[in-house]
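Have a look at the structure below before the remarks.
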Number of protein chains: 2
Amino acid sequence: MVRTLSLVLALVAATGAAAADKPTRIPDAALKTASELRESALKDQAAWDFVEGLTTEIGPRLAASDNDAKAREWVAARFKALGFDKVWSEPVTYPKWVRRGEHAEITAPFPHALALLALGNSPGTPAGGISADVVAFDTLDALKNAPDANVRGKIVYVGPRMHAAKDGHDYGIGSTVRVTGPALASKKGAAAFLLRSAGTDDNRLPHTGVTDFTGATPIPAAALASPDADLLEHVLKRGQPTTIHLALDCGIEGSYTGANVIGEITGRGKPNEYFVMGGHLDSWDPGTGAIDDGAGIAIAVGAAHAIKALPQRPQRSIRVVAFANEEAGLFGGKAYADAHAKDIAQAVLGSESDLGADRIWKITATVKPSARDAIGAIAEAVKPLGVEYDASAPGSGGSDLGAVHAVGMAAVSLHQDATRYFDWHHTANDTLDKIDPAQLSQNVAVYAVVAYLAAQADGDFGSAAGAFASDKGE
Amino acid sequence: MVRTLSLVLALVAATGAAAADKPTRIPDAALKTASELRESALKDQAAWDFVEGLTTEIGPRLAASDNDAKAREWVAARFKALGFDKVWSEPVTYPKWVRRGEHAEITAPFPHALALLALGNSPGTPAGGISADVVAFDTLDALKNAPDANVRGKIVYVGPRMHAAKDGHDYGIGSTVRVTGPALASKKGAAAFLLRSAGTDDNRLPHTGVTDFTGATPIPAAALASPDADLLEHVLKRGQPTTIHLALDCGIEGSYTGANVIGEITGRGKPNEYFVMGGHLDSWDPGTGAIDDGAGIAIAVGAAHAIKALPQRPQRSIRVVAFANEEAGLFGGKAYADAHAKDIAQAVLGSESDLGADRIWKITATVKPSARDAIGAIAEAVKPLGVEYDASAPGSGGSDLGAVHAVGMAAVSLHQDATRYFDWHHTANDTLDKIDPAQLSQNVAVYAVVAYLAAQADGDFGSAAGAFASDKGE
């Protein structure tokens with residue numbers, strides 16, 4: 001026995017750096033517990049109760065609003081009530097954007113009220129609104145290539161359509177128009193910017209979302225509901241001068257300090273190391289923030305609750321983060337990354353849920369090569385839940401945890417079915433009824449198994465300062 | 001030959017009353033033309049152009065609003081532009097109900113804004129609104145059976161759900177709550193009435209619609225969007241006193257005289273007899289009245305336009321009616337019935353389209369027995385369009401023409417697929433994008449064939465004053 005040990009020690013000394021790459025593995029006992037956890041987590045009601053409670057007792061949670069502060073207290077109290085071993089918060093500071101209201105009408109040639117929402121970071125119009133002719137472009141490139149004289153003083157409209165997909169890829173099109181379109185129009189002298197909502201539905205409920213005026217003079221910017229965009233296009237098709245009256249009452253008013261709210265189940269073996277999961281607590285204001293992203297926190301809460309119900313605490317800690325102000329630019333994720341960059345190796349693996357509550361269909365990861373087999377074992381453990389493993393694709397960890405991954409946290413991505421998500425995302429339709437309890441439970445079970453196995457892994461996943469600096473994520 | 005004719009005449013004389021029941025038949029030449037018409041009507045663009053134009057150039061058409069008057073002029077001009085031989089209007093007088101706005105909030109125990117719409121005929125609240133505790137009932141029967149003391153001074157909420165169906169049968173549930181619930185609550189001393197919208201969707205867009213206070217003191221009455229009804233139920237489930245602040249600015253302001261707008265393709269053989277079809281021109285105000293009921297008139301316009309394009313005018317006239325104020329109680333249909341009761345036999349057969357623009361899947365009719373074979377022949381002619389014939393079920397002619405059927409017009413019902421209709425009906429979502437051009441064309445072709453064959457029929461369908469008085473319609 002002693003000789004054997006001596007031999008091992010000698011080999012370790014001989015291989016030097018390679019010793020650090022001893023393959024990470026998932027112990028058999030952990031896999032056995034995980035298969036039981038998979039079943040118990042499917043029955044755990046904590047996730048549903050969390051998102052039902054948050055949407056019923058609080059509702060919309062625009063970052064920096066009164067409800068945002070109430071929600072932080074609510075979440076901390078819920079974490080405590082659920083028996084988390086530690087609950088704390090970490091400050092996050094960001095600009096405070098407020099919405100007081102908006103309305104718009106086509107005034108000529110055919111009067112029509114328009115359903116629209118101002119974009120986050122949009123300034124308001126002067127009181128009483130502005131009236132200007134509309135100039136329409138099919139794409140941002142068409143706007144970019146237009147002579148400034150055709151744009152100056154006008155309300156620019158850009159109206160590409162998004163189509164639903166399991167991986168939600170068209171959001172790339174819609175969000176690019178929303179995020180970059182207003183600044184581009186501003187640089188060309190436009191009076192205001194309107195887009196067709198970045199959504200896949202045909203409801204008369206506009207999709208808000210953030211825009212970015214970095215390097216440009218902010219101009220009023222808003223999203224039309226898709227049927228209203230259609231109507232505007234039908235009016236424009238007649239070739240007559242078309243005028244819109246636009247009144248937005250909104251804008252940035254100083255800064256605000258909120259917080260990431262954090263709860264932890266303390267590990268019994270390596271309490272300073274942790275698996276981290278969560279979602280963002282802020283929501284856009286028209287809905288009650290059920291799918292974006294009450295569900296994300298709820299799934300993590302449910303998973304942690306199911307793990308806590310096991311006979312023994314896991315080796316490593318299980319951390320749930322309710323991030324602050326993801327919507328206006330990942331402020332919570334960036335603050336977490338700043339605060340924890342120095343000890344990022346303790347965050348052994350992480351995944352955030354921020355694509356609704358429909359079922360997880362795929363797992364991908366970005367970890368060190370010697371942890372790849374451990375990810376394969378974790379993937380095998382969630383396969384009975386209908387999750388396929390794509391070993392060739394990276395994992396970013398999700399929105400806020402993507403910012404944490406960028407400073408060195410190993411990351412797994414648990415890809416949800418986004419087919420329905422962009423019908424409701426950022427609209428008044430983001431309400432509890434859009435969550436299917438059965439699919440929510442599947443999410444809880446997947447997260448519970450992944451979190452538990454990461455917490456029990458023999459070895460780490462490569463988290464280290466700057467470890468994945470060259471990785472672009474998903 | 002002569003002897004044969006004599007024999008026939010003798011038989012006719014001998015059978016007396018039976019002579020009037022000589023079977024109505026569809027001439028072979030008419031069936032041949034109809035099969036060509038079926039194809040040409042599928043390609044006719046007049047229906048799409050009509051509903052695109054009406055929704056783009058006019059939009060919402062609340063009865064008695066400025067847009068209602070503009071729409072009548074627009075339709076008359078369009079009828080003339082399409083080459084209708086005669087265009088006229090007939091006055092229709094009704095109470096003028098106006099909506100200026102509404103809002104409501106749950107104020108305790110958890111503040112939430114509620115998406116709702118006042119019901120047609122609802123009075124407003126006092127300025128500043130009312131605040132009262134909510135009392136909820138699952139059904140109207142439960143409300144009926146509740147002690148008055150439990151209801152007095154409260155805001156009554158009744159929340160049954162509707163489910164989508166091809167024949168839309170759940171609208172019976174939803175519309176009964178909407179039409180009769182407020183008066184019932186009023187009789188028990190309620191301060192106001194709220195219902196879960198009579199719709200099959202889960203959008204945060206409430207469904208308005210008419211209510212009826214006959215025999216009761218009008219009280220403020222409004223429909224909550226389905227997710228808002230869910231939210232209210234989740235709040236109530238907590239068992240705490242729940243207060244709503246309700247502010248409706250609406251009510252009846254005197255009376256208004258509008259009109260049915262009528263266009264006719266004049267028949268070459270029996271110009272005073274006519275097949276009548278159409279829809280209602282008024283719409284609820286939140287949407288642009290595309291499926292309810294711009295499409296109905298559009299389908300009739302398309303069918304008439306396709307018939308007009310035939311080498312010869314049909315034997316009988318083809319009449320298209322754009323009815324006034326169907327929504328608040330079939331005012332246009334009743335006015336038409338009053339005006340034409342004395343010469344109702346001239347309306348040989350009629351059918352109104354008022355269930356959207358999705359495809360027709362069934363034909364039924366209420367005609368005299370000796371015209372049943374002719375209906376069978378007409379049904380056979382539309383079978384290639386995917387329409388089945390149910391010879392055992394009655395046909396009411398549709399909403400306004402149902403009122404005309406009640407005074408003696410023989411009626412056919414061309415049943416549309418209503419699966420999607422009650423997702424959008426009476427909401428802001430009633431917009432042009434909800435119309436599928438291919439299904440709209442199928443409707444046009446069915447109406448064209450039915451109208452044409454009725455106009456060419458050798459014999460009538462039994463229209464006569466009081467002919468179908470005992471028939472309850474569909």
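The values are calculated or read from the model by the stated rules, or taken from the named source; none is laboratory data. Because the structure is a prediction, the values reported are computed rather than measured. Heads up, the Cβs are rebuilt from the backbone with ideal geometry, glycines too, and the neighbour counts pull from every protein chain shown. For the accessible areas, the whole protein counts, side chains as well, though only heavy atoms, and no ligand, DNA or RNA atoms are used. Shrake-Rupley method; radii C 1.70, N 1.55, O 1.52, S 1.80 Å.
Computed values, structure above
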item	result
Flag for residue A:413 being among the polar types (S, T, N, Q) and surrounded by fewer than 18 Cβ atoms within 10 Å (Cβ to Cβ)	no
Selected residue (criterion: nearest to residue A:38 (Cα to Cα)) from residues of segment A:453-470 that are touching a Ser or Thr at 6+ places or on another chain (Cβ under 7 Å) and at pLDDT 95 or above	A:457
Close pairs from segment A:106-128: first within 11 Å of another protein chain (Cβ to nearest Cβ) and open to solvent by 40 Å² or more (accessible area, probe 1.4 Å), partner polar (S, T, N, Q) and in a strand (DSSP E or B), Cβ under 7 Å, at least 6 apart	none
Residue within segment A:227-248 that is crowded, with 23+ Cβ neighbours inside 10 Å, at pLDDT 95 or above and within 21 Å of residue A:64 (Cβ to Cβ) present	yes
Candidates B:343, B:373, B:390, B:417 - the one that is farther than 30 Å from residue B:206 by Cα, touching a Lys or Arg at 6+ places or on another chain (Cβ under 6 Å) and of a type outside the set (Lys, Arg)	B:390
Any hit, segment B:282-293, residues being open to solvent by 10 Å² or more (accessible area, probe 1.4 Å), of a type outside the set (A, V, I, L, M, F, W, C), out of contact with any Cys (no Cβ under 7 Å at 6 or more places or on another chain) and closer than 30 Å to residue B:458 by Cβ	no
From the options B:381, B:428, residue that is more than 14 Å from every other protein chain (Cβ to nearest Cβ) and at pLDDT 95 or above	B:381
Residue within segment A:76-93 that is modelled with pLDDT of 95 or more, surrounded by 13 or more Cβ atoms within 10 Å (Cβ to Cβ), within 14 Å of chain B (Cβ to nearest Cβ) and touching a helix residue (DSSP H, G or I) at 6+ places or on another chain (Cβ under 8 Å) present	no
Subset tally (residues that are basic (Lys, Arg) and either closer than 18 Å to residue A:193 by Cα or within 14 Å of chain B (Cβ to nearest Cβ) (or both)) for segment A:94-105	2
Test result for residue A:314, under 14 Å from residue A:450 (Cα atoms), over 13 Å from the mean Cα position of the chain (by Cα) and more than 14 Å from chain B (Cβ to nearest Cβ)	yes
Qualifying residues in segment A:260-275 (those that are within 22 Å of residue A:400 (Cα to Cα) and open to solvent by less than 10 Å² (accessible area, probe 1.4 Å)) - the one nearest to the other protein chains (Cβ to nearest Cβ)	A:261
Some residue of segment B:193-209 being basic (Lys, Arg), within 14 Å of chain A (Cβ to nearest Cβ), free of Cβ contacts under 8 Å to residues at least 60 places away in the same chain and under 17 Å from residue B:422 (Cβ atoms)	yes
Residue pairs meeting the criteria (Cβ under 7 Å; at least 6 apart or on separate chains; first over 21 Å from residue A:361 (Cβ atoms), in segment A:403-419; second aliphatic (A, V, I, L, M) and open to solvent by 10 Å² or more (accessible area, probe 1.4 Å))	A:403/A:330; A:407/A:341; A:407/A:465; A:408/A:464; A:408/A:465; A:408/A:467; A:410/A:367
Selected residue (only one of B:254, B:239 is touching a residue at least 12 places away in the same chain (Cβ under 8 Å) and farther than 23 Å from residue B:48 by Cα)	B:254
Check on residue A:419, β-branched (Val, Ile, Thr), within 14 Å of chain B (Cβ to nearest Cβ) and either under 22 Å from residue A:325 (Cβ atoms) or under 17 Å from the mean Cα position of the chain (by Cα) (or both)	no
The listed residue being small (Gly, Ala, Ser) and within 14 Å of another protein chain (Cβ to nearest Cβ), out of A:294, A:329	A:294
Any hit, segment A:278-296, residues being among the small types (Gly, Ala, Ser), within 29 Å of residue A:442 (Cα to Cα) and out of contact with any Gly (no Cβ under 8 Å at 6 or more places or on another chain)	yes
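To keep it simple, each residue is scored yes or no on (1) in contact with a Gly (Cβ under 9 Å, 6 or more places away or on another chain); (2) among the β-branched types (Val, Ile, Thr).
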{"residue": "B:151", "(1), (2)": "yes, yes"}
{"residue": "B:156", "(1), (2)": "yes, yes"}
{"residue": "B:173", "(1), (2)": "no, yes"}
{"residue": "B:179", "(1), (2)": "yes, yes"}
{"residue": "B:185", "(1), (2)": "no, no"}
{"residue": "B:188", "(1), (2)": "no, no"}
{"residue": "B:191", "(1), (2)": "yes, no"}
{"residue": "B:197", "(1), (2)": "yes, no"}
